[in-house]
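Everything below concerns the one structure shown next.
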Amino acid sequence: MQTANVNLPVTVTVRHEQVTDALRDHATKKIEGLHLDYPRIIEAKVILDVQKNRHIAEIILFCANHITIEAHTEGKDMYAALDETIEKIARRMRKHKTRLLKKHRPHRNESIRHLEERFFTEAVLDHPEGSDVEPVPYIVHPENYSVRTMYKEDAIMQLELTDRPFVLYKSARRDCLTLVYRRKDGEYAALDIKS
């Protein structure tokens, strides 16, 4: 899980006032300190404005998967407005993630029901029919997994949100089973499974 934004491009713009290094550093540290695991921030813009003793802070985050999150706040001074805007942004990010998790939560009726699988070792083949000793099976741990119809982008998003090593889904574009997984270099790969 990502806990800080690394090398995040933050643009600080100040209107009707000179920007100080302390104010720029404060804005940059606040944005880089956003605790997140989704959505991943690609770029951040901070617009600070002073109008007749009104201090307005606006933050626009450009995130992965074409998500834009923005918030603005008016405060008694620029630091207070900036802190309040960061709190709003964090709430909106959490709300967006919660909505996404609810959307991708599998429904009970869509899940595939599995019977317990039993596998026998090769020694069972040599087992005589009339013997009193029963062969001992080893049990594979069953796991429920629902195969849903979705696009590759949605599958990658679901892969980012879960700890699973892969996502198996029915492709909405090609009407076949597709397996998406994360490679060792961090990129994603997709395999089409055709019957």
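Of all residues in segment 140-150, which are surrounded by 13 or more Cβ atoms within 10 Å (Cβ to Cβ) and at pLDDT 85 or above? Result: Val147, Arg148, Met150. Checking each residue in segment 9-66 for being assigned to a loop (DSSP other than H, G, I, E, B) and either of a type in the set (Phe, Trp, Tyr) or crowded, with 16+ Cβ neighbours inside 10 Å (or both) picks out Leu34, Leu36, Tyr38, Pro39. Just one of the listed residues (Leu125, Leu101) is in contact with a Leu (Cβ under 7 Å, 6 or more places away or on another chain) and at pLDDT below 85, namely Leu101.
Quick grid of which residues meet (1) without any contact (Cβ under 8 Å) to a residue 12 or more places away in the chain; (2) more than 30 Å from Met157 (Cα to Cα):
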| site | (1), (2) |
| --- | --- |
| Ile47 | no, no |
| Gln51 | no, yes |
| His55 | no, yes |
| Glu58 | no, no |
| His66 | yes, no |
| Thr73 | no, yes |
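Note on segment 165-186: residues that are surrounded by 13 or more Cβ atoms within 10 Å (Cβ to Cβ) and not in a strand (DSSP E or B) amount to 1.
The values are calculated or read from the model by the stated rules, or taken from the named source; none is laboratory data. Small disclaimer: the values here were computed from a predicted structure and weren't measured. All Cβ positions, even for glycine, are placed from backbone atoms using ideal geometry, and neighbour counts span all protein chains on display.
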